[in-house]
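Inspection log for the structure reproduced underneath, given as structure tokens.
Quick note: the coordinates plus some simple rules give every number you see, no bench work behind them. Every value quoted in this text rests on a predicted model; they were computed, and no experiment measured them. Heads up, the Cβs are rebuilt from the backbone with ideal geometry, glycines too, and the neighbour counts pull from every protein chain shown.
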Amino acid sequence: MLKIGLTGGIASGKSTVCALFKHYQVPIIDADTIARQLVEPNEEAYAEIIQSFGKGILQKDQTINRSKLRQIIFSDLVAKQALENILHPKIRQQLILKSQQQHGSYIILAIPLLIESNMHDLVDQVLIIDAHPSLQLKRLQHRDGISAEQAQAMLNAQCNREQHLACADDIIDNNHKPACLSKQIERLHQKYIKLSNGCQHSNSNGQ
Ligand code: ATP
């Protein structure tokens, strides 16, 4: 089965694009959902995070305060590395496991930090969702109700536009109205089906 790694900068439109691929019944595995599940009480990463960050990271209901965690790692590179060391191997493991459980001609692995966390090897093709940084900032501020400075800091914490584009096998241009996405997605859907048929053909020939 062909594996497509879908990624892009913050607020570039990854979720918007995934929602459109779902119309084609394409299985989508979302690394953000996996990350959220991993930090729930009694889940794998929960105890390790408390051990590294202390009980001050817990809310009254004993769940991890994810926004506090985000704030800490924004201003502290060592803490960021510590959190990534806990989470990334576990996310990786889950992505592999969940990929193996899927059926269909191709699947999408939506991995926001695919490039930053070196997960290229988990996918066959990289699909970059591209938006100009000025649009990312505008959409991020509007969606999350944050200041221009906060939005810029979030943008700066990731690979930039050029770094993303340099890794692309395909690019979805999300610099226009959302209505402009459907045709691009239809074209890619057809391409991925063809590619996956090619893979199956090669496999059945023992290549
Ligand atoms: P994150 O990196 O935070 O996970 P994301 O890449 O998944 O974000 P979305 O949540 O899909 O990005 O989009 C960010 C915001 O921009 C959302 O509010 C979405 O509705 C809006 N948006 C996405 N595409 C467009 C577009 N073409 N025109 C206008 N608004 C858009």
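Results, tabulated for the structure shown:
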quantity	calculated
Some residue of region 104-113 being touching a Pro at 6+ places or on another chain (Cβ under 8 Å) and not aliphatic (A, V, I, L, M)	yes
Residue within region 38-49 that is surrounded by 14 or more Cβ atoms within 10 Å (Cβ to Cβ), within 16 Å of the chain's Cα centre (by Cα) and closer than 23 Å to ASP144 by Cβ present	yes
Selection from region 69-84 of residues that are surrounded by 14 or more Cβ atoms within 10 Å (Cβ to Cβ) and without any contact (Cβ under 8 Å) to a residue 40 or more places away in the chain	LEU69, ILE72, ILE73, ALA79, LYS80, ALA82, LEU83, GLU84
Looking only at region 1-60, and only at residues there that are of a type outside the set (A, V, I, L, M, F, W, C) and assigned to a strand (DSSP E or B), the one that is nearest to the ligand (Cβ to nearest atom)	GLY8
Selection within region 152-166 - touching a residue at least 60 places away in the same chain (Cβ under 8 Å) and either within 17 Å of LEU127 (Cα to Cα) or crowded, with 16+ Cβ neighbours inside 10 Å (or both)	MET154, LEU155, GLN158, CYS159, ASN160, ARG161, HIS164
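So that you can scan it fast, the table gives a plain yes or no per residue for (1) within 14 Å of the ligand (Cβ to nearest atom); (2) under 25 Å from LEU20 (Cα atoms):
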site	(1), (2)
PRO112	yes, yes
ASP124	no, yes
GLN150	yes, no
HIS164	yes, yes
CYS167	no, yes
